[in-house]
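So the structure is just underneath, and the comments pick up after that.
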Amino acid sequence: MPVPPRLQDPSLIRRVAAVAAGLLLMAAAGIAATRPPPDADPPAGPAPVLAGTGQATPIPAGAAFFVRGLDTPRDRREQHSDILDTPILPGSVHKALTLVAALEADVIRPDSGAMCRRVVTVDGVRFVCAHPDLHRPLTPAEALAHSCNDFFVSLARRLPRERLNRVRLAAGLPPLPGSVKLGPALVGLEGPRVTPRALVDVLARLAGVGPDPAVPMRASTRAVLREGLAGAASYGTAAAIGAQGESALAKTGTAPMPGGGVAGVVVALAPADRPTRGVVVVAPGAAGADAASIAAALLSGADRSQAPARPNPVAAAAPAPTIRLGRTGRDGRTRVQVMDLDGYVAEVLAGEGQPRAGAAAQQALAITARTFAAANRNRHRAEGFDLCDTTHCQVVRPSTSTTRDAAAATAGQVLMDGAQPASVFYSAWCGGRLENASQVWEGAADFDHPDVDDACRDEPPWESDIRARDVERALAAAGLRGGRLRGLRVLQRNRSGRVVRLRADGFVPSEISGTDFRMAMGRVGGWQLLKSTAFEVERTGQGYRFRGRGFGHGVGLCVVGAGARSARGATAADILRFYFPTLRVERLGAPAITTTAAARPASPPPAPARAPATPATAEADDVQVALPASEAGERAALVSLVRRSRDAIAEAAGIRAPATIRITVHPTVEAFGRASGQPWWMAGATLGTAIDLLSLRLLSQRGILAPTVRHEIAHALLDAALADRPLWVREGAAIHFSRLIDPALPEPAADTDRGRVACPSDAELLRAVSAGAQRDAYARADACFAKALASGRRWTEVR
């Protein structure tokens, strides 16, 4: 059963090194412009065959394509020359020209960052972004790869029209007249039209390949352009090309057609390092991602020349995304396996579901488990993979025919909250009472759900007798200090009857949350001992007796309840409506299209109830800050704190501060957890000189804003010098130098074991079983580092 990355422990000052974002969800085309009228819907036709399946892939009869050698113009083939020679608006393909113009005009820099606001109105036109929300600023290359509308239309206020026209003319396009609105023109929705056939030459001139003169630009500009175009073909809107095993420089778009409706467009140059072939595809009635699937078949040679008897202008869907699973072997080593997402879901069902549950229950759990995987991708990115194979994420076992059937029947389906996969959970058995996520993980988002699940109330309660010494071991593992437990009693319960706090007499601190206690007890003695926090406890001669109901945290879908509902005749949709009544099921990567205000005047619709606040990004030489709009007033104070901390730590350590530090403040606990991939008790995360922070409001409420910022700044300054050391060295150094500039921080705990300090392993710091265990690991890292300094070593010499 999944455990989410969530909020921080109020007393914890932490940091975990994290790698950059890895595999991303397959997305629809970034441009979202005019919706075709009802009579422009594509006609029905036979389903095309996916490239890469070992079968020839028919190219839809309604789709136009043009493939040619860049150095050998006679090496060409095409379909539907009438479409190829009809001028159209280029759609998001034009963003490649906009990027070059903005970089050459110094409106943006190669390392600039901007947070996508998802919906923005410029020059009276409303633009929607359909790419994955990364919950962090996008670089210019990433904005091009994901086709971020907000990034490009927002340049209209700063980019001189003359600089854009200079690039257009060099690429072979006419200039934009002064009467054309610049915002829509920057994303190819207004201005002079161009034939799809000519777009191959336009992209080749921009990339600097082929016989035509290249568009003049700085080397740094062309490097960003090529990085973005290559990114589009590997993880962005044209990812179907990379999934087919082809490398390319590509750009997709969704362009309005002269006769009404829209068409998906893609232009690609392959291979990416030294392109020799160019291709353009126009798929009427489809999106850019669909056109990319056709281009992938053309580039790989997997298409067949004869079109199907009945036309189908919509290309094959993009291949399913993959996931990097960290499998822990018997030797304790973790090996990374790249799996098809639906294959992974089949293994999760075998590990988490009921083997004999009906098909509806299996399918409902499959959709829920896939949603959890999609929402928590990169959770273990610091360790080089996405999700682990334990209860920390989702347990996997060899799939069965039943679980494979359920995964296949729901292929690609997830529960959506707004424009992204919802942060959903499930448990083995709720005990008849469903729990709010915020009751288990402080700050977690709650979805509407019924309080009572009558489908599983008849399950018998459980009972466990646990020896006192095993309870003491669990308390110690949770970070409490003490030798002998004198008594254990419940102090507080929540509305669902689950234990919120326990008192452990004889240990310090004397209180522990019910969730932390259960997690520690499960890691020490096994999950069968304390199945849930819905329990009563009493003292026995040998220890303590626990009586309770439920198995797991009780949040979200109840596996036992779903099985009972399926046996009563409920469908998978019925089951999901019961447990997640406010969420909707959609296919991963489905395209989103909206109507521009110019096409249909209307007031913008109200924002979703849980939509994140719009961030604002500051561009500065030394400190770049991306803040939620609700905290924009704190910018100056935060920048000042960052600079003071940076300068003080650099002076104390005797090093030069980095030229730039980037701070991203996340508006919600959920946003921070997804961006950093860290457990709920963490407050910040640092990679290189890029820092992710929880909401300033939450950090301030808990009195740890300044200490957290100082600690993360210490990591940004010191980690490069300690990159080859154990994680405890880096954590100890950050705590040490934070203390030097903030004397209010407590000194390291005194060692009580005859001068010996048990330095924590990387696993203890990266995979602590609870917030208490994490505190203990950091305290030991602090003590180990202090001991090394006391022996006369410099901070750079600690190993």
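The values are calculated or read from the model by the stated rules, or taken from the named source; none is laboratory data. Computed from a predicted model, the values in this text were never measured in an experiment. Every residue, glycine as well, gets a Cβ built from its backbone with ideal geometry; the counts of neighbours run over all protein chains shown. The protein model used for the area step is the full one, side chains on, heavy atoms only, and it has no ligands, DNA or RNA in it. Shrake-Rupley method; radii C 1.70, N 1.55, O 1.52, S 1.80 Å.
Just one residue in the set L155, L176 is in a loop (DSSP other than H, G, I, E, B) and either surrounded by 21 or more Cβ atoms within 10 Å (Cβ to Cβ) or in contact with a helix residue (DSSP H, G or I) (Cβ under 7 Å, 6 or more places away or on another chain) (or both); that residue is L176.
Look at the stretch 343-356: where a residue is touching a residue at least 60 places away in the same chain (Cβ under 8 Å) and a partner is among the aromatic types (F, W, Y) and open to solvent by less than 30 Å² (accessible area, probe 1.4 Å), sitting 6+ places away or on another chain with Cβ atoms under 8 Å, you get E352/Y426.
Within the stretch 405-435, how many residues turn out to be free of Cβ contacts under 8 Å to residues at least 60 places away in the same chain and not hydrophobic (A, V, I, L, M, F, W, C)?
Of all residues in the stretch 405-435, those free of Cβ contacts under 8 Å to residues at least 60 places away in the same chain come to 405, 409.
From what's left, not hydrophobic (A, V, I, L, M, F, W, C): 405.
Counting residues in the stretch 405-435 that are free of Cβ contacts under 8 Å to residues at least 60 places away in the same chain and not hydrophobic (A, V, I, L, M, F, W, C) gives 1.
For (1) open to solvent by 30 Å² or more (accessible area, probe 1.4 Å); (2) among the hydrophobic types (A, V, I, L, M, F, W, C); (3) modelled with pLDDT under 85; (4) over 17 Å from V625 (Cα atoms), each residue gets a yes or a no:
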{"site": "I661", "(1), (2), (3), (4)": "no, yes, no, no"}
{"site": "P679", "(1), (2), (3), (4)": "no, no, yes, yes"}
{"site": "T686", "(1), (2), (3), (4)": "no, no, no, no"}
{"site": "R697", "(1), (2), (3), (4)": "yes, no, yes, no"}
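Within the span defined as the stretch 217-231, one or more residues are free of Cβ contacts under 8 Å to residues at least 12 places away in the same chain and surrounded by fewer than 19 Cβ atoms within 10 Å (Cβ to Cβ). Scanning the stretch 517-537 for any residue that is more than 28 Å from R433 (Cα to Cα), surrounded by fewer than 18 Cβ atoms within 10 Å (Cβ to Cβ) and at pLDDT below 95 turns up nothing.
In this structure, does A428 turn out to be among the small types (G, A, S), under 31 Å from the mean Cα position of the chain (by Cα) and crowded, with 18+ Cβ neighbours inside 10 Å?
yes
Once the stretch 324-351 is narrowed to residues that are closer than 17 Å to Y426 by Cα and out of contact with any helix residue (DSSP H, G or I) (no Cβ under 7 Å at 6 or more places or on another chain), the residue that is surrounded by the fewest Cβ atoms within 10 Å (Cβ to Cβ) is G351. Among the residues of the stretch 426-462, write down those that are of a type in the set (F, W, Y), closer than 20 Å to S566 by Cβ and touching a Leu at 6+ places or on another chain (Cβ under 8 Å). Passing the criteria: only Y426. Anything in the stretch 365-394 that is farther than 15 Å from M339 by Cα and part of a loop (DSSP other than H, G, I, E, B)? List them, or say none. Across the stretch 365-394, the qualifying residues are N376, R379, H380, T390, T391, H392, C393. Checking each residue of the stretch 438-451 against the condition of being assigned to a loop (DSSP other than H, G, I, E, B) and without any contact (Cβ under 8 Å) to a residue 24 or more places away in the chain gives at least one match. For the stretch 133-151: of the residues being of a type in the set (D, E, K, R) and assigned to a helix (DSSP H, G or I), which is surrounded by the most Cβ atoms within 10 Å (Cβ to Cβ)? Residue satisfying both the conditions and the ranking: E142. The set of residues from the stretch 114-168 being aliphatic (A, V, I, L, M), more than 18 Å from P628 (Cβ to Cβ) and in contact with a strand residue (DSSP E or B) (Cβ under 6 Å, 6 or more places away or on another chain) comprises V128, V153, A156.
Just so you know, in the stretch 399-422 the residues that are surrounded by fewer than 23 Cβ atoms within 10 Å (Cβ to Cβ) and in a loop (DSSP other than H, G, I, E, B) include one that is nearest to the chain's Cα centre (by Cα), and it is A419. Considering the stretch 242-270, and only residues there that are open to solvent by 10 Å² or more (accessible area, probe 1.4 Å), touching a strand residue (DSSP E or B) at 6+ places or on another chain (Cβ under 8 Å) and not in a strand (DSSP E or B), the residue that is nearest to V100 (Cα to Cα) turns out to be S247. Scanning the stretch 538-550 for residues that are of a type outside the set (D, E, K, R) and either assigned to a loop (DSSP other than H, G, I, E, B) or buried (at least 24 other Cβ atoms within 10 Å of the Cβ) (or both) yields T540, G541, Q542, G550.
So that you can scan it fast, the table gives a plain yes or no per residue for (1) free of Cβ contacts under 8 Å to residues at least 60 places away in the same chain; (2) of a type in the set (K, R); (3) on the phi > 0 side of the Ramachandran plot:
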{"site": "R126", "(1), (2), (3)": "no, yes, no"}
{"site": "H131", "(1), (2), (3)": "no, no, no"}
{"site": "V153", "(1), (2), (3)": "yes, no, no"}
{"site": "A156", "(1), (2), (3)": "yes, no, no"}
{"site": "V167", "(1), (2), (3)": "no, no, no"}
{"site": "R193", "(1), (2), (3)": "no, yes, no"}
{"site": "L199", "(1), (2), (3)": "no, no, no"}
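Answer yes or no as to whether R274 is in contact (Cβ under 8 Å) with a residue 60 or more places away in the chain, under 19 Å from L89 (Cβ atoms) and surrounded by fewer than 21 Cβ atoms within 10 Å (Cβ to Cβ). Here the answer is no, as R274 does not meet what is asked. The lone criterion from (1) modelled with pLDDT of 90 or more; (2) open to solvent by less than 40 Å² (accessible area, probe 1.4 Å); (3) under 25 Å from V345 (Cβ atoms) left unmet by D574 is number (2). As a summary of the residue check, V500 satisfies the conditions (1) surrounded by 19 or more Cβ atoms within 10 Å (Cβ to Cβ); (2) touching a residue at least 60 places away in the same chain (Cβ under 8 Å); (3) part of a strand (DSSP E or B) except for the one numbered (1). The residue pairs whose first member lies in the stretch 522-547 and is on the phi < 0 side of the Ramachandran plot, whose second member is surrounded by fewer than 15 Cβ atoms within 10 Å (Cβ to Cβ) and assigned to a loop (DSSP other than H, G, I, E, B), and whose beta carbons are closer than 7 Å, counting only pairs six or more residues apart or on different chains, are R547/P461.
What do you reckon, is A316 more than 15 Å from T390 (Cα to Cα), surrounded by fewer than 21 Cβ atoms within 10 Å (Cβ to Cβ), at pLDDT below 85 and hydrophobic (A, V, I, L, M, F, W, C)?
Judged against the criteria, A316 is not a match.
Listed here are the residues, each with its yes/no results for (1) under 26 Å from I691 (Cα atoms); (2) outside any loop (DSSP other than H, G, I, E, B); (3) at pLDDT 85 or above.
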residue: R68; (1), (2), (3): no, yes, yes
residue: A96; (1), (2), (3): no, yes, yes
residue: D106; (1), (2), (3): yes, no, yes
residue: P110; (1), (2), (3): yes, no, yes
residue: H131; (1), (2), (3): yes, no, no
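None of A359, A373, A309 is modelled with pLDDT of 90 or more, open to solvent by 50 Å² or more (accessible area, probe 1.4 Å) and at negative phi except A359.
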